[in-house]
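Reading through the structure tokens given below for one structure.
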Amino acid sequence: MPTTLRQMHGENIKLVTGVEKHGGRAMPILSGVFSNVDVHEYASELPPHIDLTLIEAAIRLGHLPVLGTLSHGSGTELSKVHDR
């Protein structure tokens, strides 16, 4: 796992740990939510596709979903999801 990806996962886990330390329930969701058809073709032109399945499952279980900020492109490519 590249250092950047490892750091992003580490930050996600720190958030989950912080919520749970204060009595909350949280679930790390590191992938499977954001995707884009072709990150080279569209880059930042189109918003990523969002699959709410994992988010809704975490909420049904009473957990705060803590999302990673990566979008999966074609194949194994990853790109960071940016706020607009």
*Would you confirm whether any residue within segment 3-15 is at pLDDT 55 or above and in contact with a His (Cβ under 8 Å, 6 or more places away or on another chain)?*
no
*Residue check, residue 24 modelled with pLDDT of 90 or more, surrounded by 11 or more Cβ atoms within 10 Å (Cβ to Cβ) and in a loop (DSSP other than H, G, I, E, B)*: yes
*Enumeration of residues in segment 27-44 that are assigned to a strand (DSSP E or B) and either modelled with pLDDT of 80 or more or loosely packed, with under 12 Cβ neighbours inside 10 Å (or both)*: 27, 28, 29
_Every residue from segment 45-80 that is assigned to a helix (DSSP H, G or I) and at pLDDT below 60_ = none
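The values are calculated or read from the model by the stated rules, or taken from the named source; none is laboratory data. Values in this document were obtained by computation on a predicted structure and should not be read as measured data. Cβ atoms come from the backbone with ideal geometry, glycine included; neighbour counts cover every protein chain shown.
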